[in-house]
Amino acid sequence: MKSLEFYYKDCLKNGYALGAYNFVNLEILKGICSGCLMSKSPCLASVSEGAFSYLGEDFVMPIFRTAKEHYNLPIFLHLDHGKSFEMCKKAVDLGFDSVMIDGSGLSFEKNVKLTKKVVDYAHKKNVFVEAELGVLAGVEDKISASEHIYTDPKQAKLFVEKTGCDSLAVAIGTSHGAYKFKGDAILRFDILSEIEKELPNFPLVLHGASTVPQKYVEEINKFGGEVTGAKGVEEKLLKEATTKHNIFKINTDTDIRLVYFAVLRKHLFKNKNNIDLRKFNNEAIKEIADYVSKRNEDIFNSVNRI
């Protein structure tokens, strides 16, 4: 089975990206794995600090390892938005394939110091480290910011040189959460191109890149939800980032939640006497699988890369 190190290089070489799909329970993880099996795509299964706490430290690795062995796919476990050295160390020690240390809310100097500390520890155990420079607006899980701070290309080069991180999450206009844009969705590809000039052939990452499919928003609202005004990143913009730039990983969290809750609300609304959670969870697994497979094909260009 191909390694994560292989995909770090192959994604940039052949113009595709790894989907990094967040999961908070077994059902979502099964949906992600089933979707990647359908499209024959590698991916990262991401766990945020909040999801890590919810699942429980003793459950995360057994659940993931069982899923990986069952589906027999190159799926890698990733810590999303680790906010401290201690959290990243815990993930490394448990056997995660990759960790993200998010010092983006710190000063440049403090971000460098924290990231370097994580890199030095993780690399001793052959674990990859993603860092972040710049700030994404929006709210998701325990991440919150009121405005964008675009990544400075010159700082990006200096940051990578000083920290030795393996990939860098950049801020070019994407946002966390379901309410990403009030007007037109605009990504600063000019900034991305400048970063790439400073860091040629270096793996870059996009966070806050859910497309917020309106069919799921409409389903949620139709069956009792109130997700009004939700708007995501256009697929064509993400496809451009994937195929024409050095984006090797794109995060997806909000869309998975929307898919899950659209299925849940519709089923419970139409089956008011049902008290068997397996029925709607099986529907959700299938719907998530279909969504993941389509996203791998239409946006990430990662079909048949295993």
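Annotations
- Approximate spin-label separation Lys90-Tyr54, in nm, with each point projected 7 Å along Cα-to-Cβ: 1.6 nm
- Positive dipole terminus of the chain, leading residue within Ser3, Asn281, Thr228 (C-beta point charges): Asn281
- Using the Cβ of Val217 as centre and a radius below 12 Å, the other residues enclosed give a net charge of +1, where K and R count +1 and D and E count -1.
- Each Lys and Arg adds +1 at its Cβ and each Asp and Glu adds -1 at its Cβ; summed about the Cα centre, the chain shows a dipole of about 420 debye.
- Summarising the label geometry, the points placed 7 Å from Cα in the beta-carbon direction at Glu283 and Asn14 lie 3.8 nm from one another.
- Global geometry of the stretch 72-116, whether rounded, prolate or oblate, following the gyration tensor of its Cα atoms and the 1.5 cut on a/c: prolate
- Coordinate range of the alpha-carbon atoms in the chain per principal axis, descending: 59, 43, 34 Å.
- Computed log₁₀ I(q)/I(0) - Debye formula, equal Cα scatterers, no solvent, the stretch 23-120, q 0.24 Å⁻¹: -1.19
- Among His245, His267, Phe202 the positive-end extreme of the charge dipole of the stretch 4-300 (Cβ point charges): His267
- Inter-label distance, nm, simple model (7 Å from Cα along the C-beta direction), Glu234/Thr66: 4.4 nm
- In the chain, the DSSP-assigned H stretches of four residues or longer account for a calculated mean residue ellipticity at 222 nm of -15500 deg cm²/dmol, using -39500 (n - 2.57) per stretch and the full residue count as denominator.
- Local electrostatic count at Ile195 - Lys and Arg +1, Asp and Glu -1, tallied over other residues with Cβ under 12 Å: -1
- Additional length obtainable on full extension of the chain from Glu297 to Leu158, 0.36 nm per residue less Cα span: 46.6 nm
- Sorted ascending by nearby beta carbons within 10 Å, beginning with the fewest, Tyr8, Tyr21, Tyr16 become Tyr8, Tyr16, Tyr21.
The numbers here are math on the coordinates, done by the rules we state, and not lab data. Keep in mind that this is a model prediction, so the values were computed, not measured. Virtual Cβ from ideal backbone geometry, glycine too; neighbours counted across all protein chains shown.
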